[in-house]
1. Taking only segment 249-260 into account, find how many residues are more than 11 Å from the ligand (Cβ to nearest atom) and either among the small types (Gly, Ala, Ser) or at pLDDT below 95 (or both).
2. Pick from segment 267-281 the residues that are surrounded by fewer than 21 Cβ atoms within 10 Å (Cβ to Cβ) and in a helix (DSSP H, G or I): which of them is nearest to the ligand (Cβ to nearest atom)?
3. State whether one or more residues within segment 58-73 are of a type in the set (Asp, Glu) and on the phi < 0 side of the Ramachandran plot.
4. What number goes with the only condition from (1) surrounded by 15 or more Cβ atoms within 10 Å (Cβ to Cβ); (2) within 14 Å of the ligand (Cβ to nearest atom) that Arg178 does not pass?
5. If you check every pair at least six apart or on different chains, which have Cβ atoms under 8 Å apart with a residue in segment 17-40 that is closer than 16 Å to Met270 by Cβ first and a residue that is surrounded by fewer than 14 Cβ atoms within 10 Å (Cβ to Cβ) second?
6. Within segment 222-241, is even one residue of a type in the set (Asp, Glu) and out of contact with any Leu (no Cβ under 9 Å at 6 or more places or on another chain)?
7. Search segment 61-109 for residues being assigned to a helix (DSSP H, G or I), among the charged types (D, E, K, R) and away from the ligand (no atom under 15 Å from the Cβ), and hand back the single one that is surrounded by the fewest Cβ atoms within 10 Å (Cβ to Cβ).
8. Among the numbered criteria (1) under 20 Å from Asn187 (Cα atoms); (2) within 17 Å of the chain's Cα centre (by Cα), which one does Ala136 miss?
Amino acid sequence: MQYLGVIGHPMKRSLSPVFQQAALDHLRLDIAYQAWPTPPDGLETRIIGLRAPAVLGANVTIPHKETVIPLLDEVDDLVRRVGAVNTIVNKDGRLHGHNTDVNGFLRALRQDGGLEPAGQRVVVTGAGGAAHAVVAGLLQAGAASVCVINRTFIRAEKLVADMRAAAGATKLQALPDRPEDWRKALNGAALLVNCTSVGSEGALSDSAEEKNSPVPLEIVNSGALAGLLVFDLIYRPALTPLMAAAQRAGARVLGGLPMLIHQGASSFQMWTGREAPVDIMLTAAQDALLREGA
Ligand code: NDP
């Protein structure tokens with residue numbers, strides 16, 4: 001028996017063990033994928049444990065994606081650009097760090113969202129780990145422009161500064177989270193990506209509708225999203241308040257589950273060398289969410 005797992009803290013209801021195990025079982029691989037809850041002060045010991053011959057590797061999630069980097073032997077170029085690792089591969093006791101969120105985002109956008117980002121104007125809201133991966137993907141794909149809007153403006157500016165070297169011909173800029181800047185950013189855009197946690201199950205507020213939307217409601221209701229693809233990275237709930245409002249305002253919408261599955265499929269291929277059964281993974285994740293009532 002060999003082992004894989006996901007390292008995070010706190011690890012509430014991670015879907016990875018469900019859909020990765022479904023894929024491993026489908027291919028009759030004698031591998032167990034487990035949840036490995038790991039508080040920050042236990043990270044170093046956990047990473048040492050990954051060097052054991054029976055361990056193929058791991059996924060890494062909040063809050064360890066950045067802090068794990070110095071504990072690894074090697075990281076690829078994409079990790080250096082994004083500044084985060086979500087996949088570790090154990091090769092004969094040496095640990096290699098990768099980031100499959102970028103690829104997962106691009107695959108979901110193209111295959112599930114039906115949108116090719118090359119040459120498009122894009123608005124990204126959020127400036128955390130997920131936004132770094134999304135912006136790296138958009139730059140890699142040759143978007144015409146990427147506007148980053150975040151509640152804390154200085155973090156949007158930092159993201160743009162971090163990514164500037166990879167921007168190439170893409171116009172990359174940070175804008176404050178104000179209605180007039182949203183209007184400017186969305187003018188001519190084809191895609192809006194929500195990389196904030198606003199609207200996620202744990203953060204849902206029943207007070208004001210405004211608080212559950214990362215985009216000011218006056219902007220959503222002004223028709224500025226009509227015709228756009230609104231890609232919300234959140235997958236709990238399946239239909240976020242932003243997606244519901246955007247749909248009413250004439251946008252197409254895509255939730256975060258396809259990205260989660262595609263990043264997991266890329267990790268699966270790195271560990272096993274086998275093509276991931278994406279449909280099996282998606283069905284397992286959807287069933288788990290249905291059982292939860294998400
Ligand atoms: P981080 O904690 O790194 O970033 C959170 C972001 O949300 C920040 O930009 C923060 O803004 C913003 N934010 C939080 N609360 C509010 C609020 N009340 N109003 C406005 N902005 C707010 O998280 P991640 O980047 O890792 O993840 C972001 C989301 O993406 C999560 O919901 C996560 O589940 C999802 N995700 C989905 C993936 C998938 O595969 N589908 C993959 C990775 C992430 P500020 O800087 O001002 O604090």
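The values are calculated or read from the model by the stated rules, or taken from the named source; none is laboratory data. Quick caveat: nothing in here was measured; it's all calculated off a predicted structure. Positions of Cβ are backbone-derived with ideal geometry, glycine not excepted, and every protein chain shown enters the neighbour counts.
1. Our first condition is that a residue be more than 11 Å from the ligand (Cβ to nearest atom); within segment 249-260, this holds for 249-253.
Those left that are additionally either among the small types (Gly, Ala, Ser) or at pLDDT below 95 (or both): 249-251.
Within segment 249-260, residues that are more than 11 Å from the ligand (Cβ to nearest atom) and either among the small types (Gly, Ala, Ser) or at pLDDT below 95 (or both) number 3.
2. Here the residue is Val278.
3. Residues of segment 58-73 that are of a type in the set (Asp, Glu), as a first pass: 66, 73.
If we keep only those that are on the phi < 0 side of the Ramachandran plot as well, we get 66, 73.
Yes, there is a match, as at least one residue in segment 58-73 is of a type in the set (Asp, Glu) and on the phi < 0 side of the Ramachandran plot.
4. Unmet condition: (1).
5. Hits for this filter: Leu27/Arg274; Leu29/Arg274; Ile31/Met1.
6. No, the conditions are met nowhere in segment 222-241.
7. Ranking the candidates gives Asp77 first.
8. For Ala136, the failing item is (1).
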